[in-house]
Each structure stands twice: as structure tokens, then as C-alpha cells.
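The values are calculated or read from the model by the stated rules, or taken from the named source; none is laboratory data. Owing to the predicted nature of the structure, the values given are computational and were not obtained by experimental measurement. Using ideal geometry, Cβ is built from the backbone for each residue, glycine included, and neighbour counts are taken over all protein chains shown. With ligands, DNA and RNA removed, areas are computed over all heavy atoms of the protein, side chains included. Shrake-Rupley method; radii C 1.70, N 1.55, O 1.52, S 1.80 Å.
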Amino acid sequence: MKILITGNQGYIGPVLTEYLKKNVEKSFIIGLDTGYFSNSSNSTLVSPDKFVDIQINKDVRNLVSTDFTDIDSVVYLAAISNDPMGKEFELATNEINCQSAIKCANLAKLAGVKNFVFASSCSVYGAAGDGELRTEVSSLNPVTAYAQSKINAEIGLKPLSDPSFNITCLRFSTACGYSPRIRLDLVLNDFIASAIIKKEINILSDGTPWRPLINVKDMSRAIHWGIIRNSNIGGNFITVNVGSEAWNFQIKDLAEMVAKIIPGVNVRINKDALPDKRSYKVSFEEFHQLAPQFTPIETLESTIREIETGVISFLETNKIILDKNTIRLLQLRSLIENGYLDEKLCWK
């Protein structure tokens with residue numbers, strides 16, 4: 001199976017490519033990435049791209065039909081991938097997360113690709129702090145450009161599906177876990193890094209917002225399902241929440257769990273902070289029914305410990321860890337300040 005993965009040189013890509021190589025028989029992986037974060041590696045022993053057979057250096061905004069020749073499945077990971085980046089680069093967020101995803105699917109369909117997997121997000125539920133579990137038919141209430149771009153992409157992708165072209169939109173929970181290109185601007189990863197470096201976790205909100213989380217290994221399992229899914233399971237087009245209800249956490253409880261596993265850590269909550277509108281609990285019942293063999297299997301404790309081990313190992317060779325190497329917005333700003341990117345995040 002020939003699999004094209006856009007955005008493979010980000011946080012998820014190295015974990016996904018290793019998983020697919022080990023679990024999809026005769027898989028041939030083609031990575032396509034513009035390279036914003038290709039040098040953001042925290043692995044000194046093994047290349048994060050070890051499991052990629054061919055690497056194409058290209059912005060997804062410049063895709064052409066020949067990029068999809070003889071491809072069986074496409075995984076669209078490419079994205080401006082969190083709320084702060086989406087706010088600062090709103091135009092590029094729409095172009096990359098939405099417009100280019102739809103263009104990519106169009107080209108893939110014309111080239112005869114069978115399955116298209118789009119990495120969407122549970123952040124589309126946005127301001128949903130009433131405590132009710134959000135399902136795939138719940139109303140959407142995005143509060144960020146990032147979340148809106150995912151909604152618009154889902155809407156634009158749906159009409160492209162047909163019996164010969166399956167589209168699977170995976171609304172992922174907030175990612176966490178170790179990766180050779182780890183991000184420390186994600187809530188659990190950030191808490192663990194702060195616990196190790198500062199022996200303190202500072203929660204900027206009042207700690208009450210809800211978030212569902214998912215380990216990147218379990219994200220890879222769901223993507224595996226997407227690239228082999230037949231239309232008799234869910235139809236030609238499906239949008240499904242991916243995660244586990246046991247992994248719906250309030251931010252303050254998540255911090256306390258980290259402090260329980262990593263000793264000597266003080267948790268500080270800003271009780272005077274204004275309520276964070278981004279709060280949502282999510283139901284994953286549909287995914288568990290459709291893909292019982294691909295549901296999450298990682299535990300929160302093992303996830304915290306693997307991140308802890310990875311961060312400590314990284315600190316052995318890097319005096320500074322909370323920098324552009326691990327915080328994506330800082331890297332984009334650095335590339336602009338040094339004249340490599342323009343304000344639309346296009347290479348000069």
C-alpha cells in the first residue's frame with residue numbers, strides 16, 4: 001500500500017510512520033512537508049523520518065496532480081496546528097487547514113486514490129461548558145480560527161466522497177505523548193515539562209475547563225483504520241470523534257495527576273482568571289462501535305511517564321527546552337524574523 005502523508009514532519013508524523021511501517025503490510029510511505037519543523041527533533045539517536053520511504057519538500061498549497069500518482073491512501077496531517085498560531089496567522093490557517101485540504105482531496109480523487117483521511121479536531125465543539133458529552137450530531141461552537149478551519153474543511157470535503165473515494169474525518173482529542181518531534185505547547189506535554197524543569201505547574205485559567213486527550217500512538221491507530229476503511233463501515237463520508245471518554249479531564253485534575261506521578265511538584269491555579277470559553281467533554285461511542293479493534297489502548301500514567309522520560313533525555317543534551325525547538329509558534333516567528341518566511345508563511 002502506497003500512503004501519502006502531508007505534514008509528516010510535525011509532531012504526529014514520526015509516530016504515525018513508525019506505526020504504519022510495523023502494522024500495514026508492504027506499506028510504502030511518501031511524506032510531503034514544507035519543512036517548518038523538519039529540524040525540530042529531540043531525538044539524537046534516530047532520524048524522526050526513519051520510516052519514510054520518500055520525502056517530498058513541498059507546501060501543500062502547491063500540490064499538483066502528479067503528487068498522487070499510484071497512491072492508495074492519503075493522510076492529511078498538514079496544519080497550522082493550534083489556537084495561538086491560528087490567531088496570529090489566520091489567513092495561512094484557512095489556506096493550509098481548509099482550502100488546501102479540499103484541493104488535496106480533489107486531486108487525490110482524480111488520481112484514483114481510494115481513501116482520504118483528514119485530521120480534524122474536537123475543538124470544533126468549542127464553548128460547550130455545560131458538561132454534556134458532545135456527539136457527532138451536537139451543535140458546533142468554535143471560538144478560534146483553528147477550529148473554524150477544521151469545520152470548513154469537513155464541509156468542503158463531504159461532497160467529494162463517493163463509492164470509489166472514501167473520506168474519513170477524524171475529530172481528534174487534544175494530542176499528547178512522546179514523539180521524536182515533541183511539542184511542549186500541548187496541555188499535558190506542557191505540564192510535564194514544567195513539572196520537570198520548574199517543579200511547578202502554573203494553570204493560567206481557573207482550571208475548570210474540560211478537554212479530551214489522546215496519545216499520539218492511539219491517533220496513529222485511528223488513522224490506520226481510516227486508510228483501510230470500506231464504505232460499508234460508516235459510509236463514503238464519515239466524521240467521527242476519536243478518543244476515550246475516560247480521557248475527558250478538567251485541566252486542574254490533569255495537573256494534579258502529573259504532580260502525583262512526578263514528586264515534589266507544586267500546582268498553582270489562577271483562581272482570579274476569567275473562565276476559558278474552550279471547554280468541552282466528548283462522547284466517543286460511535287468510534288468505539290465502528291472501529292473496536294482500533295480504539296485507544298494507552299493509559300494516562302504510561303503516557304505521563306513516557307513524556308517524562310523523553311523530556312529528561314532531551315534535557316541531557318539541551319540546556320533550554322521550552323524554545324522554538326518544541327514550541328511551534330516560536331519557530332514560525334523565528335523563521336519570519338530571520339527572513340525565511342513571509343507573513344502568509346510562504347518560503348521566500
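Annotations
- DSSP loop GluC sites (Glu not before Pro) with at most 13 other Cβ within 10 Å excluded, longest remaining stretch of the chain: 133-315
- Pairwise Cα distances in region 243-344 exceed 22 Å for 59 percent of all pairs.
- Within region 244-303, trypsin sites (Lys or Arg not before Pro) in DSSP loop having at most 10 other beta-carbon neighbours inside 10 Å: 271
- Pairwise Cα separations in the chain fall into 10 Å bins from 0 onward with the following percentages, short to long: 5, 26, 37, 25, 7, 0.
- Computed with a 1.4 Å probe over protein heavy atoms only, the accessible surface of region 207-296 comes to 44 Å² per residue.
- DSSP-assigned coil residues among trypsin sites (Lys or Arg not before Pro) in region 15-57, each with at most 10 further Cβ atoms within 10 Å: 26
- Each residue was assigned an accessible area with a 1.4 Å probe, and for residue 257 the value is about 60 Å².
- Accessible surface for region 52-176, divided over its residues, is 38 Å² per residue with a 1.4 Å probe.
- Extension gain, residue 343 back to residue 309 (0.36 nm per residue minus Cα-Cα distance, nm): 8.6 nm
- For the residue pairs 50/109; 271/324; 150/260; 87/109; 22/252; 114/158, the alpha carbons lie more than 25 Å apart in 50/109; 271/324; 150/260; 87/109; 22/252.
- Ligands, DNA and RNA left out, the 1.4 Å accessible surface of the chain is 50% carbon and sulfur atoms.
- Placing unit charges on each Cβ (+1 for Lys and Arg, -1 for Asp and Glu) gives the chain a dipole about its Cα centre, and among 269, 311, 191 the Cα reaching farthest toward its positive end belongs to 311.
- Neighbour net charge for residue 262 - beta-carbon separation under 14 angstrom, K R +1, D E -1: -2
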